[in-house]
Amino acid sequence: MTKSTNVYILGAGSMGGLVACELSSLANCPNITLLLRNPARVEHFRSINKSTIYINRLFKDPVEKISNKFNSASSKDINEDIENLIITTKTYQTQNALKDYLPFIKPTSNILLIQNGLGVVDELYKDVWPNIGERPNIYQGVISHGGFITSNTGDNYEISHAGFGDLKIAKFPRDPNSAEEEEIVKPDFLKQLEDAKGLATSVLSYSDLLLIQLKKFVVNACMNPVTAIINCVNKELKSFDDLSKLFMDITNEVIDVFMATNPLLSKNPNASKILDKQSLVDYVVLCGTVWNAQNSSSMRQDTLHLRDTEVDYINGYVVKVAEANGLKADVNKTITNLVKLRLSVNRIREE
């Protein structure tokens, strides 16, 4: 049995809440603390939400409902080193959300990033930990569970777990420029994530995760922006006969750009099979519109609630990499601009 540990979760949205609830289901669960934005949010969670997160498992028939209570804190309440930190904030919020906790993060700390998009760790290494020796142990998580915070739930902090998936984790290299693969070491909190059956967690080498991460990235690059632009839940996309052709246009650019610019991908013997374009498009349709049929994508939720989206770290990131290397990604550029237009129109309508 894995010994109990302290785990902090920064970003108590749908994925953060889901991970917290599944970890708390263990017989020997870790001491979990949700790190909230400020003392007012902490007070609201404690007094109005009764420190409770509710999960509706929509993929169960009948729908299964569970709930768990959690500790909560803001940066003002922390007075000890952070041993294990799971970050599930939006990509663009990561550095700002993390800054108040940096004094408590040491090179021995373990940080797990579970986010959509690419490029966050590169930014953290450049802006926060430029010195290799001062970098914490950073793990990258790729999650395929579908979930969203349920709207209009009054005093309840309620999450809909719309589709059952899995969680793949690998240690991100301290030095991304090194050709040496780091040994797979599992700290206790990773073992606990593996023990939480409701997450279906597995720990991989970084080179293997990279392929899976890009596979998930393609799903996000197709499903998130299109459902946001059209304003629909996932299953409604199936009504469009040429959906696969649309997804192929997006996928073509994603794979061509990353295969041309990432030597780890081009040298990986499994890349041609896992990143086969037609297979990827078939997977996107299956994962997005069948397995997670009831899901409302995170990007759609953001546009509906007038929040900034992560499109610059998904389709926009493809454009950024392409243009930096003299390549074109016109389809993804158009998709990026349409998402921003959708959000802009929604905001104007609410004025």
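We did not get these values from a lab; they are worked out from the coordinates using the rules stated. Keep in mind that this is a model prediction, so the values were computed, not measured. Virtual Cβ from ideal backbone geometry, glycine too; neighbours counted across all protein chains shown.
Over the stretch 6-204, the Kirkwood radius and the radius of gyration, each from Cα atoms, give a ratio Rg/Rh of 0.95. Pop out the ³J(HN,Hα) list for the stretch 261-278 in order, Karplus 6.51 cos²θ - 1.76 cosθ + 1.60 with θ = phi - 60°, rounded to Hz; leave Gly and Pro as x. Per residue, the Karplus-derived 3J(HN,Hα) values read 10, 10, x, 5, 6, 5, 8, 6, x, 8, 4, 5, 7, 5, 9, 4, 5, 5 Hz. Counted by Cβ distance under 12 Å from residue 65, the other residues give a net charge of 0, where Lys and Arg count +1 and Asp and Glu count -1.
Each of 226, 233 was scored by other Cβ atoms within 10 Å of its Cβ. Arranged with the fewest first, they read 233, 226.
State whether the stretch 176-261 is rounded, prolate or oblate according to the following rule on the C-alpha gyration tensor (a ≥ b ≥ c being the square roots of its eigenvalues): a/c under 1.5 gives rounded; otherwise a/b larger than b/c gives prolate, and the remaining case gives oblate.
Values: a/c = 3.76, a/b = 1.56, b/c = 2.41.
Taking the square roots of the gyration eigenvalues as a ≥ b ≥ c, the stretch 176-261 is oblate.
Between residue 51 and 46, the built amide H atoms are under 5 Å apart, and every one of these is 5 or more places off in sequence or on another chain.
Each residue of the stretch 330-341 was assigned a 3J(HN,Hα) from its phi angle through the Karplus curve 6.51 cos²θ - 1.76 cosθ + 1.60 (θ = phi - 60°); the sequence is 5, 5, 5, 5, 5, 4, 4, 5, 5, 5, 5, 5 Hz, with glycine and proline shown as x. So for the stretch 1-104, what percent of the C-alpha to C-alpha distances run longer than 18 Å? For the stretch 1-104, the fraction of Cα-Cα distances above 18 Å is 50 percent.
Which of 349, 300, 307, 174 has the fewest other C-beta atoms within 10 Å, and how do the rest follow up to the most?
Details: 349 8, 300 26, 307 14, 174 17.
Final ranking by Cβ density, sparse to dense: 349, 307, 174, 300.
A straight line joining the Cα centroids of the stretch 31-103 and the stretch 266-328 runs 27 Å.
When the stretch 209-350 is described by a simple charge dipole with +1 on each Lys and Arg Cβ and -1 on each Asp and Glu Cβ, the residue from 278, 243, 210 located farthest towards its positive end is 210. For residue 138, the amide hydrogen comes within under 5 Å of the amide hydrogens of 111, 172, counting only partners 5 or more places away or on other chains and with H modelled in the peptide plane. Take the convex hull of the alpha carbons in the stretch 220-315; its mean projected area over all directions comes to 6.4 nm². Expressed as a fraction of 2.2 N^0.38 Å, the C-alpha radius of gyration for the stretch 107-234 is 1.20. Put in line by how crowded their Cβ is, counting other Cβ atoms within 10 Å and starting with the fewest, 172, 104 read 104, 172.
Amide H contacts of residue 297 (H built 1.01 Å from N, in plane; Pro and chain starts excluded): 234 sit under 5 Å, all sequence-distant by 5 or more or on other chains. Using a 7 Å offset from Cα along Cα-Cβ at residue 93, what residues in the stretch 335-351 end up with backbone N under 18 Å from the label point? Residues 343 qualify, since their backbone N sits under 18 Å from the label point. Labels on offer are (i) 1.00; (ii) 0.94; (iii) 0.96, and the one holding Rg/Rh (Cα atoms, Kirkwood Rh) computed from this structure is (ii).
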